[in-house]
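Heads up, the thing below is written out as structure tokens.
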Amino acid sequence: MRDSCTGSYDVKSKWVATAARLLSPFPAIVALVGGGGKTTLLYALGRYLHQSGKRVLLSTTTKMYPPEAGQASLWLGSEPPPGDSLYLWGRGISPEGKVEGLDAGLFSTLTNDYDVILVEADGSRGLPLKVWGQGEPVLPSGVTDIFCLASLQAFGKPVQDVLHRAELADEFFALPEQVDLELWNALRQYHERTLRQLVDYGVTIRLIDRGSPALWRKVCDESYSAYLWSEADGCFPQKSIRITGKKNKQRFEVSKAKRFSRRGDSKGKVTKQDISIVAVVLAAGRASRFGGGKLRASLAGRPLLAWTLRLVNSIPFSSRLVVTGADSDVEELAKKYGHTVVMNQDWQKGMGTSLATAIQALQSSGNEANIDGVLFFLGDMPLIRRKTVSYLLQQIRSTKPDIAYPTFRGKKGHPVYFHRQCFPALFSLAGDEGGRQLMAQFPDHLAVPVDDEGVLTDVDSQKALEAVRVRLNSQ
């Protein structure tokens with residue numbers, strides 16, 4: 001079998017058989033999105049299902065090259081092809097020789113004619129990684145399953161050479177020069193958040209990281225927390241998300257996947273984070289000392305709050321909340337960066353109410369039992385480094401304290417972590433109490449010294465904002 005983003009896979013391989021087993025009950029409409037390898041999987045999975053006696057239709061909502069000999073037959077026009085053979089259906093051929101896709105709204109009307117409809121729903125120009133542009137991906141109506149692909153071959157290579165639409169990535173996460181574990185985690189978290197926002201309940205999202213076991217071992221270490229699909233031994237992706245419940249109150253259930261050897265027997269679990277931590281950004285205050293509108297103030301070309309949102313997006317938290325209040329425009333900014341927004345109706349009473357609002361939101365989500373702790377960020381601290389937060393999380397995972405925080409030259413800073421056993425006390429906070437009063441109640445503290453003055457630097461005035469601008473310009 002092949003480990004590249006292009007080329008053919010053996011239709012009898014365990015890898016393709018595993019992909020078929022992952023599908024929802026028939027009739028299923030499957031969208032393939034993300035990095036290179038979608039077309040390869042489309043044809044291999046289509047042939048496997050067709051040879052298994054299923055009525056299968058292949059198509060696209062964008063454009064793709066016509067099938068080669070042995071992959072499928074080409075069917076063009078407005079009428080759907082018969083289900084007794086394997087066809088790629090398109091409207092016509094574009095001037096550049098590609099099959100023009102169908103209207104996305106058509107697919108939900110075809111489920112009586114086919115058992116499985118496989119749809120390539122975006123393009124990546126053959127690159128292993130992808131950031132979506134406006135209007136992407138173009139998901140088919142009635143979609144039941146989404147396979148979002150990325151190739152481990154991108155590791156260690158220049159980002160600009162392997163990431164399609166890299167120029168858009170800066171809106172969502174920081175870009176290093178080469179693909180590393182932190183970027184990979186940030187990219188896959190971005191994929192998951194974006195797809196969750198696009199689909200209705202009842203849709204299963206699977207993030208598939210393509211690569212051979214040798215490549216997996218080369219790039220994987222204990223800090224890696226994304227999702228594995230091994231082409232050689234038929235691994236499940238480590239994490240799948242099924243969206244259930246009512247549309248106006250979605251719940252996201254995470255199912256652990258099993259890893260199979262070539263013989264199909266259990267062979268241990270893929271390395272994953274040992275605890276689940278939620279990031280909460282506090283952004284509810286009036287900022288009266290600043291003169292109002294602080295979190296929307298421009299700093300080096302982006303809103304002040306965006307610096308914290310981008311930092312949080314670059315780290316693999318289990319979920320992300322932003323607590324808003326005085327400034328209604330902050331909500332739109334937080335949603336732009338893919339964060340769940342919670343409104344603190346009592347923001348005038350102080351920060352304690354924002355902490356309580358965040359805990360109440362987690363309790364109401366129905367997922368509190370799966371959360372080990374919360375890391376609270378302030379929305380006006382733009383200079384905290386990503387490696388500082390990563391190091392803090394490492395220390396939290398190894399020691400599992402009740403409360404943890406970074407220190408710089410002996411002074412306590414932010415962000416601040418609270419274990420789940422602190423939740424009842426946080427929920428009862430009011431006024432300007434904040435979390436400091438919990439220090440005596442929960443004495444198991446972890447102070448983590450860091451070489452990062454950003455953990456102390458907040459912007460509470462116009463003068464402070466100008467000082468931060470000067471520091472950024474000098475770096």
Q. Nearest 20 debye, what's the magnitude of the dipole of the range 277-474 about its Cα centre given +1 on Lys and Arg Cβ and -1 on Asp and Glu Cβ?
A. 540 debye
Q | Added length on full extension, which subtracts the Cα-Cα distance from 0.36 nm per residue, GLN462 to SER108 | A | 122.0 nm
Q.
What does the extension gain come out to for LEU168 and SER428, with contour length at 0.36 nm per residue minus their alpha carbon separation?
A. 89.5 nm
Q) Residue-wise, which Karplus ³J(HN,Hα) couplings in Hz belong to the range 307-320, taking 6.51 cos²θ - 1.76 cosθ + 1.60, θ = phi - 60°, and x for glycine or proline? A) 4, 6, 4, 5, 4, 5, 5, 7, 10, x, 7, 5, 6, 9
Q | Residue order, fewest to most beta carbons within 10 Å, for SER124, SER428 | A | SER428, SER124
Q.
Please list, by residue number, every one of the GluC sites (Glu not before Pro) in the range 123-209 that is coil in DSSP and has at most 16 other beta-carbon atoms within 10 Å.
A. GLU177
Q | Share antiparallel - DSSP beta bridges, the range 277-474, percent rounded to 5 | A | 30 percent
Q | Low-density loop positions, trypsin sites (Lys or Arg not before Pro), the range 342-404 - DSSP coil, at most 16 other Cβ in 10 Å | A | ARG385
Q | Whole-angstrom gap from the range 76-150 to the range 309-367, using each part's C-alpha centre | A | 36 Å
(Q) Could you tell me the relative contact order of the range 277-474? Use alpha-carbon pairs under 8 Å, at least six residues apart, and round to a whole percent. (A) 25 percent
Q: Sort ARG193, ARG469, ARG47 so that the residue with the fewest other Cβ atoms within 10 Å of its own Cβ comes first and the one with the most comes last.
A: ARG469, ARG193, ARG47
**Q.** Nitroxide proxy distance, nm - points 7 Å out along Cα→Cβ at LYS411 and TYR65
**A.** 5.9 nm
Q. What does the highest-first list of 321-334, 399-412 look like by mean Cβ count within 10 Å?
A. 321-334, 399-412
Q.
Please compute the length gained on full extension between MET343 and SER73, using 0.36 nm multiplied by the number of residues separating them and subtracting their Cα-Cα distance.
A. 91.9 nm
Q: Can you give me the P(r) profile for the range 277-474? Cα pairs, bins 5 angstrom wide beginning at 0, each as a whole percent.
A: 1, 8, 17, 21, 22, 18, 9, 3, 0, 0
Q. Relative to the Cα centre, what is the charge dipole magnitude of the range 304-344, using +1 at the beta carbon of each Lys and Arg, -1 at the beta carbon of each Asp and Glu, and rounding to the nearest 20 debye?
A. 220 debye
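Rule-based calculations on the coordinates, nothing more; no lab input. Owing to the predicted nature of the structure, the values given are computational and were not obtained by experimental measurement. Virtual Cβ from ideal backbone geometry, glycine too; neighbours counted across all protein chains shown.
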